[in-house]
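Everything on this sheet refers to the single structure shown next.
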Amino acid sequence: MATQPAPQNLDPGALLEAAPEEEFALIELRLDWPPDLEIYPQHMQLWLRCFVITQDPLGWIADRGDAWTAVTVEDDVLEVDLYLTVAAVRATIEQFGGDMAAAIGRYAGAVMSAALEREEELVAGDYPRRAARGETPRLLADLDGDHGAFARPAIQVRRSWSTIGLGALTDLVQHAFGAVDLDRSNVVLEPVEPVTEDCPACKGQAFGYPSSLEDAKESLCPPHRAAAKIVNTERIAHARQSNFAGWRAIDKAVMRINKLPEPFFNPQPPRVVGETPARNDPCFCGSGKKYKRCHGA
């Protein structure tokens, strides 16, 4: 994608001013709190990642807001990803009199405090589904609370704007639809005979999924190309089965980011607990049918 050059020193404020207006792009902010601050839950390491995005790829959904979170639990790490729009960050900086640390801290502090208090719930694994359905409060529910030392992180940026990728899309969809179980682990293809000298898979190379595997497709030998296709088909089938509406949302968002013709349907998040869909509303399952002709039949 075409993005504006980054300021030479990667100053966070300057990068926000240089945000590409016509692209779906993001930057990751590194947030650092005082070194003596306790940021570990009782059992796991807590890792907060903060991203600023130019536009919301799920913008067809009404009342989406401008800040979202996703939760991932792996090994001994509880990772919480925070996404903010450029517009929200700029408005909050203005609200805090130009203080970027306080502006970002308003969101990050709320998330850190909530994640520490609710570790048991987050690591149990069902938080994304329950939050999407309104069965439990969002991690951003207490934006205006007192978050102490979490309220003013030191902020750094290590790279300029880049295209919103599949990982970020999966996070944004998780917030709206619940988790989509897409296996994004590296792919190592089994050895084949005969060995092809120029095939990277024959050399034992591992491929990041999905982008690196897709990029390497033309350089693979025919047997490894067929094996890569099988891996891709199986992973996508599993992801689709895990959350049908969420996967359809990812598919539509990918088309939107790449400025390709989008599917006509607009997948909708699950209804908040207590709400009953109107008969002519789009069905919550993401089928694209009216509720009365789908789950309301």
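The values are calculated or read from the model by the stated rules, or taken from the named source; none is laboratory data. Being a predicted model, the structure only gives us computed values, none of them experimental. Ideal geometry is used to build each Cβ from the backbone, glycine not excepted, and the neighbour counts take in all protein chains shown.
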Just for segment 202-234: of the residues that are assigned to a helix (DSSP H, G or I) and aliphatic (A, V, I, L, M), which one is nearest to residue 190 (Cα to Cα)? 227
What single numbered condition from (1) in contact with a helix residue (DSSP H, G or I) (Cβ under 7 Å, 6 or more places away or on another chain); (2) loosely packed, with under 14 Cβ neighbours inside 10 Å fails to hold for residue 188? (1)
Would you be able to say whether some residue in segment 82-105 is of a type outside the set (A, V, I, L, M, F, W, C), under 13 Å from residue 153 (Cβ atoms), out of contact with any Cys (no Cβ under 6 Å at 6 or more places or on another chain) and surrounded by 23 or more Cβ atoms within 10 Å (Cβ to Cβ)? yes
Filtering segment 110-160 down to residues that are under 17 Å from residue 12 (Cβ atoms) and within 21 Å of the chain's Cα centre (by Cα) yields 155, 156, 157, 158, 159, 160
Consider segment 242-297. How many of its residues are out of contact with any Gly (no Cβ under 9 Å at 6 or more places or on another chain), more than 22 Å from residue 171 (Cα to Cα) and at pLDDT 85 or above? 1
Filter segment 161-171 for residues that are assigned to a helix (DSSP H, G or I) and either of a type outside the set (Asp, Glu) or surrounded by fewer than 17 Cβ atoms within 10 Å (Cβ to Cβ) (or both); which is farthest from the chain's Cα centre (by Cα)? 166
Pull out all pairs, ordered by first then second residue, where Cβ-Cβ is under 6 Å, the residues are six or more apart or on different chains, the first lies in segment 8-35 and is closer than 15 Å to residue 152 by Cα, and the second is of a type in the set (Val, Ile, Thr) and loosely packed, with under 15 Cβ neighbours inside 10 Å. none
